[in-house]
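Working notes, beginning with the structure itself.
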Amino acid sequence: MIDPQSIEEYIARDGYTALYKALTDMTPDGVIDTILASGLRGRGGAGFPTGLKWKFASGNRGEVQKYVCCNADEGDPGAFMDRSVLEGEESP
């Protein structure tokens, strides 16, 4: 239906509408509540609830700089699936 390499075509079909709403009309807690209500789960083997993870991280607000650690461990040796996602910022 669209050229998968064209962001303009994606936007023309209402792509990023939810992101725009989250950034302009919702509070951070509202976004977390929406994700919690959606039941979205992580892609790891345990399928940990994404909204719960975000809620835990959000509960630790403050002025001190925070860091996020990403475990991109590969389940299958040599598969490099997660690696390609993490390194895959491709420019046209």
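The values are calculated or read from the model by the stated rules, or taken from the named source; none is laboratory data. Fair warning: this is a prediction, and the values are worked out from it, not measured in the lab. Note that each Cβ is placed from the backbone with ideal geometry, even for glycine, and that neighbours are counted across all protein chains shown. Just the protein is used for accessible areas: all its heavy atoms, side chains included, with ligands, DNA and RNA removed. Shrake-Rupley method; radii C 1.70, N 1.55, O 1.52, S 1.80 Å.
The residues of the stretch 1-72 present an accessible area of 89 Å² per residue when probed at 1.4 Å with all protein chains retained. Using R0 = 25 Å, the C-beta based FRET efficiency linking residue 33 and residue 86 works out to 0.30. With 0.36 nm allotted per residue and the present C-alpha distance subtracted, the residue 23-residue 56 stretch has 9.9 nm of extension available.
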